[in-house]
Amino acid sequence: MTGIWGSLWILVFAGACLVALADWRKAIFLGILIDFLRDPVRKLVVGKPIAVTLSGAVLWLLIVLVASMACHGSLRRMLQTYPRLRMALQLLLLAMILAAAISVMTQPQGVILAGIGGATYLIPALGVGTGYAFAKNRRLVLAFLRFYIVVNSIALIGVVFEYLGTDVPALGGIDFKWFRYRTGYTVDLMCGWYRSPDIMGLHAAHVIMFSLLLAAEGRRNIRPGWLVFALWATFCVIVSGRRKMIGVPLVFAATLLTLAWFYGVRRIGKFATIVTVSVALGGGLGVFFLATDQADDYTEYASSLFTEGAGRTNEIVVGSTLSTLRHVGLLGSGLGSATQGRYYVSQGSGSTRGWQEDGVSRMFAEFGVFGVVLLSFALIFVVRSVAKSLRMVPPSSEFKILQLGLISVVVGNIASFCISHQQYSGDPVNALVVTLIMGMALAVPAMQPATAPTMNTAPTMNTASTLPPQTRLIPRPVGMR
């Protein structure tokens with residue numbers, strides 16, 4: 001990397017790595033900031049090298065490795081509390097080994113492809129333990145959510161600049177402009193300072209979910225200030241033009257309400273009120289927003305999520321999966337063959353390039369039928385661990401909404417992954433943030449204050465009569481000093 005921006009980035013990256021070695025918990029907050037800064041910096045560096053983007057993944061990999069080595073006690077407690085997680089990790093590793101062997105044997109540069117594909121699974125898997133070790137208390141978890149909201153809300157200002165056509169450096173996509181062609185109109189997909197509308201939309205969706213969670217998580221009253229951030233991010237996710245990102249907060253809200261009802265959380269009315277108020281405010285702002293024809297195109301396209309979403313999902317997931325099985329067979333084409341970013345090593349090499357957009361068909365392409373069976377059992381073990389953590393926190397606990405909200409964030413991202421894996425496989429950091437949140441959710445039961453031990457029900461005796469004569473309790477007359 002050359003030029004002043006490249007040199008500055010090397011210094012910033014080196015400093016962040018030193019912080020990670022010294023205090024990995026503080027480095028997580030720095031990683032959130034780096035996660036955004038790398039996109040505009042890459043656009044400003046001569047040649048727009050992918051090394052700037054990959055450096056963010058290297059920093060997070062260092063964080064999770066340092067956390068894994070420094071927190072043996074926390075990881076041991078996690079596996080003791082949720083022993084099925086160990087089995088899930090073993091099944092994941094077995095499926096990866098089999099898929100990597102196929103990639104090495106059948107693909108040119110298969111070792112590199114398997115390494116790229118493996119990183120998109122291993123780094124996020126390590127994130128679960130890191131999130132569990134990070135969440136020592138409720139304060140740290142809330143600090144993580146707040147910092148993420150503030151950093152990315154500021155970063156999303158670039159979306160407005162691009163929407164208004166302002167001449168500001170580092171706006172828009174890298175080397176090309178994003179469009180969505182529809183019958184009768186064209187939608188410009190906004191990126192802002194992020195490198196693509198997918199990445200911008202995913203960060204905006206997280207800001208919406210985190211803000212709604214913080215608004216509802218308060219022990220007593222609703223915190224309406226966080227709704228401002230949610231509404232701001234809603235505008236951004238709409239102009240990203242990515243329906244799969246618009247659907248993430250919707251899945252989050254539906255999951256949280258469903259879980260709260262199922263587990264009998266009394267404060268479910270608070271979150272329902274927050275969602276209702278947010279929809280009403282968003283609708284009111286939308287009326288103002290519809291004043292321009294361009295805005296009408298965005299809202300019309302966003303509303304097609306409800307009219308075309310089911311059919312499009314069936315077409316992408318089911319249709320792509322069946323086509324994948326016909327093309328690659330039962331064994332699949334190997335680890336990394338359908339991972340976003342594989343083209344950086346496979347151009348001109350004759351490697352099989354996966355065309356799968358959704359996460360389900362990607363799994364079948366890379367792992368084959370047998371590998372998907374192993375991954376399915378691993379997923380079952382993870383779900384059972386989550387269910388156990390939910391049973392460990394009573395519905396009346398002040399931590400329940402936080403726990404349900406974190407799990408709902410994960411579910412929203414899983415839904416997005418099923419529709420499109422590219423924003424996760426193309427950058428393991430996006431998947432790592434999700435697994436960090438999963439680890440935090442699993443740590444919530446340990447945050448609860450220890451309850452007093454149950455009193456023995458054996459026959460009671462007068463305390464004074466059981467003491468030695470010289471220590472008998474003698475009533476003191478009133479007024480005696």
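The values are calculated or read from the model by the stated rules, or taken from the named source; none is laboratory data. From a predicted model like this one, the values you see are computed outputs, not experimental measurements. Here the Cβ is made from the backbone with ideal geometry for all residues, glycine too, and neighbour counts use every protein chain on show.
General observations
- Set side by side, the residues V369, V429, V410, V393 differ, and just one is modelled with pLDDT of 95 or more and either acidic (D, E) or outside the structural domain of G56 (by TED's automatic domain parsing) (or both), which is V410.
- Looking across segment 162-179, just one residue is outside any loop (DSSP other than H, G, I, E, B) and surrounded by fewer than 18 Cβ atoms within 10 Å (Cβ to Cβ), and that is F179.
- Of all residues in segment 125-161 being in a helix (DSSP H, G or I) and touching a His at 6+ places or on another chain (Cβ under 8 Å), the one that is nearest to M440 (Cα to Cα): Y148
- Of all residues in segment 253-280, those that are of a type in the set (G, A, S), more than 24 Å from the chain's Cα centre (by Cα), modelled with pLDDT of 65 or more and assigned to a helix (DSSP H, G or I) total 1.
- Residue match in segment 63-82 (condition: of a type in the set (D, E, K, R) and within 20 Å of G426 (Cβ to Cβ)): no
- Qualifying residue in segment 141-154 (condition: more than 21 Å from I34 (Cα to Cα) and either among the polar types (S, T, N, Q) or in contact (Cβ under 8 Å) with a residue 60 or more places away in the chain (or both)): no
- Test: residue in segment 107-129 that is buried (at least 18 other Cβ atoms within 10 Å of the Cβ), of a type outside the set (A, V, I, L, M, F, W, C) and at pLDDT 90 or above: yes
- Residue among L374, L305 that is on the phi < 0 side of the Ramachandran plot and either at pLDDT 80 or above or not assigned by TED's automatic domain parsing to the domain that holds Q90 (or both): L374
- Scanning segment 54-67 for any residue that is surrounded by 15 or more Cβ atoms within 10 Å (Cβ to Cβ), in contact with a Pro (Cβ under 9 Å, 6 or more places away or on another chain) and farther than 18 Å from L126 by Cα turns up nothing.
- Output for segment 73-89, where each listed residue is in contact (Cβ under 8 Å) with a residue 40 or more places away in the chain and assigned to a helix (DSSP H, G or I): S74, L75, R77, M78, T81, R84, L85, M87, A88, L89
- Evaluation of L213 against (1) at pLDDT below 95; (2) hydrophobic (A, V, I, L, M, F, W, C); (3) over 30 Å from P449 (Cα atoms) (one fails), failing number: (3)
- Of all residues in segment 201-251 being touching a residue at least 24 places away in the same chain (Cβ under 8 Å) and among the charged types (D, E, K, R), the one that is farthest from F36 (Cα to Cα): R219
- Of the numbered criteria (1) touching a Leu at 6+ places or on another chain (Cβ under 7 Å); (2) closer than 21 Å to D23 by Cβ, the one C71 fails is (1).
- All positions within segment 312-362 that are surrounded by fewer than 23 Cβ atoms within 10 Å (Cβ to Cβ), touching a Gly at 6+ places or on another chain (Cβ under 6 Å) and at pLDDT 70 or above: L330, L331
- Number of positions in segment 51-72 that are more than 15 Å from I10 (Cβ to Cβ), in a helix (DSSP H, G or I) and touching a helix residue (DSSP H, G or I) at 6+ places or on another chain (Cβ under 7 Å): 10
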